[in-house]
Amino acid sequence: MAELPGDKSISHRYAILSAIAEGASEITNYATSADCRSTLHCIERLGVEIDIGKERVKVSGRGLRGLRESRRALDAENSGTTIRMLSGILSGQPFATTITGDASLRRRPMRRVIEPLTQMGAEIRSEDSGRAPLVIRGGQLHAIDYTSPVPSAQVKSAILLAGLYTDGPTSVTEAVRTRDHTELALREFGARLDTSKTMVRIHPGPKLEGRQLNVPGDLSSAVFLTAAAMILPGSALILHNVGLNPTRARVLDFLISIGASIHPTSLQSRHGELVGDLSVRHAELSGGEIAGAQVAEMIDELPMLAALGPFTEKGIEIHDAQELRVKESDRIATLAEGLRRMGASVEEFPDGLRVAGRSAGKLKGATIEPHGDHRIAMALAVAALGAEGETTIRDAECAGVSFPEFFDVLDRLRGLKN
């Protein structure tokens, strides 16, 4: 049995909405990741009282219009979710705020949120062609009906959060449905939304009320441990309290379709989120292709899926995933580099890559440079479990961005197996 850290995506949303709700919210199993700490630090700078205990985070909400101007720039550090979602909230505030991040975050594209928020009436200046730092001067916003050119839950969320401050209902339409954690959380706090398969509309000016909340275990983190169990013969693993939101769980459907032995049990609904346990056993994997709508539905899990390629019969091929090139690293190039160092046969495309299957040979231990990318470090660490010889992962502590306990949990599970 393994317990997972709280879901990053949900933790961000609960913290931000707690900050603009009326009254106190208490969040248990809040994510331990550095990214989610960044969100807490930023909202604290906006005048929100935060009390971090051993097992819970208490947020004293200031109401929809109660945030205060920060005297210093907000630092989102490495968190794209923090900067993009807070940009939506800040666009509705009657003051100016500068929000920035670390060197990696300052390289990531922000124009995708700048453009719709500017259409809504915010004034946003960026110092480097649509990249952070952003200077956001908010105020009364106008409702828009926005069709997103990029399938991104962060973009959708920024617009919906700004829509709390508009003069009428605001809608976002997506070509591909992205994760709906923001919609579920908004409803939980008391917002009114209308939804269809690819459209969501939010009504402005709700009274958001503080809540008692429990964050489920992070599915994206679960995928790394699930992959480890699938790679090592004789493995059996139960993961408890995993978030199984259908807009996130497509990765499990894909793994099952290529032969994985994964069985969800004890399903229940909590704060609108589907939660359950996962039973995982070693299995022979056939391999397959990921493209089209699948990509947006499991964008965070693609590094681990690619790293499974050498342990499958046919390999793993990924297309339509050019978004991976503007994450914490160029994940396509970084994955290709790391897997090749371990002896894998990898073909790189502008929008993805193909990792050959078992017939290309067994992986060998190597020294890996994840380029500060937490998901690359963890994916290649799992691949190293099935390699011959020792693998060294430089800057392995970057895993703390999303899963600080990863290497300790992995080591403990290996010890239980042995």
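We did not get these values from a lab; they are worked out from the coordinates using the rules stated. Everything numeric in this text was worked out from a predicted model, so none of it was measured. Virtual Cβ from ideal backbone geometry, glycine too; neighbours counted across all protein chains shown.
Couple of notes before you dig in:
- Computed from the C-beta positions of GLN140 and ASP351 and an R0 of 51 Å, the FRET efficiency is 0.80 to the nearest 0.05.
- Simple spin-label estimate for ASP167 and SER266 in nanometres, 7 Å along Cα-Cβ: 5.2
- Mean ellipticity per residue at 222 nm, deg cm²/dmol - from DSSP H runs of n ≥ 4 across the chain, formula -39500 (n - 2.57): -9000 deg cm²/dmol
- Near-label residues of the range 105-125 by backbone N, under 20 Å of a point 7 Å along Cα→Cβ of PHE95: 122-125
- Amide H contacts for THR98 (H built 1.01 Å from N in the peptide plane; partners 5 or more residues away or on another chain; cut-off under 5 Å): LEU74, ILE136.
- A straight line joining the Cα centroids of the range 185-226 and the range 254-276 runs 18 Å.
- Environment charge of GLU77, counting only residues whose C-beta is closer than 10 Å and scoring Lys/Arg +1, Asp/Glu -1: -2
- Footprinting exposure proxy for GLU44, GLU390 (fewest neighbouring C-beta atoms within 10 Å first): GLU390, GLU44
- Net charge of Cβ neighbours under 13 Å - reference LEU353; Lys, Arg +1; Asp, Glu -1: -4
- Links that overshoot a 30 Å alpha carbon limit, given the list LYS54/LYS197; LYS8/LYS197; LYS8/LYS314; LYS8/LYS364; LYS58/LYS156: LYS54/LYS197; LYS8/LYS314; LYS8/LYS364
- Local electrostatic count at GLY63 - Lys and Arg +1, Asp and Glu -1, tallied over other residues with Cβ under 9 Å: +2
- The per residue volume of the convex hull around the alpha-carbon atoms of the chain is 120 Å³.
- A simple packing score, the average count of other Cβ atoms within 10 Å per residue, orders the peptides 353-359, 16-22 as 16-22, 353-359, with the highest score first.
- Difference of contour (0.36 nm per residue) and Cα-Cα distance, THR195 to GLU284: 28.1 nm
- Packing, as the average of other Cβ atoms within 10 Å across residues, places the peptides 151-164, 111-124 in the order 151-164, 111-124, highest first.
- Peptide packing for 233-241, 26-34 was compared via the average number of neighbouring C-beta atoms within 10 Å per residue; ordered from the highest value, the list is 26-34, 233-241.
- Rel. contact order, % - alpha carbon contacts under 8 angstrom, at least six apart, the range 7-202: 18
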